[in-house]
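Encoded as structure tokens, the structure appears first; notes follow it.
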Amino acid sequence: MVDIEKMNGKYRHSNLVGDIKSTAGAFACDLLELAELQSKLFRADAKTALHQSKGSAAAIIIAGCCLLACLPVAGFGLASAVAYYFQWQGWVAQLAVGGCLSILSIVVVAISFNNLTRVRQFKRSSEEFSKNLEWTKRVFSDDSAR
């Protein structure tokens with residue numbers, strides 16, 4: 001036989017509230033675990049990307065230093081040789097040599113930046129984040145959440 005006291009609306013309401021609280025708590029716990037895993041994956045991807053981009057970053061720094069340090073000395077010497085060989089005035093040879101060295105340095109920097117943009121290590125993080133977001137949407141839109 002059914003106990004009449006357990007069938008009143010107050011008892012059913014308190015169970016419903018308890019069920020909602022426990023489900024919401026479990027869902028919040030799952031979301032926190034997902035956020036923690038996502039941050040760990042992002043850190044791992046950042047570490048890998050930094051490791052892979054060290055060479056290109058070093059090449060950019062070295063090329064910049066070479067441009068700044070060697071350009072005045074080597075450029076002036078090369079310009080003097082060009083002026084002597086082609087019978088040009090000194091300032092014309094200096095401009096020609098400076099322009100060529102600048103273009104060469106710009107090409108090295110462009111190639112290095114191109115290599116930096118090819119680092120795609122954050123693909124894993126974004127894929128996992130998309131999966132987690134889809135799961136969250138499914139939980140909110142479906143009655144059978146877990």
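Throughout, read-outs are computed from the coordinates displayed, never taken from laboratory work. Given the structure is predicted, the values throughout are model-derived calculations rather than measurements. With ideal geometry, Cβ positions are generated from the backbone for all residues, glycine too; neighbour counts draw on all protein chains shown.
Treat the stretch 4-141 as a sphere of radius equal to its Kirkwood radius over Cα pairs and apply Stokes-Einstein at 4 °C in a medium of 1.567 mPa s; give the translational diffusion coefficient in µm²/s, rounded to a whole number. Intermediate values should be presented prior to the final figure.
Numbers: Rh = 21.1 Å.
For these conditions, the coefficient is 61 µm²/s.
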Given a Förster distance of 25 Å, the FRET efficiency implied by the Cβ-Cβ spacing of Ser126 and Phe27, rounded to the nearest 0.05, works out to 0.60
With label points set 7 Å from each Cα along the Cα-to-Cβ direction at Trp91 and Ser141, the distance between them in nm comes to 7.2 nm
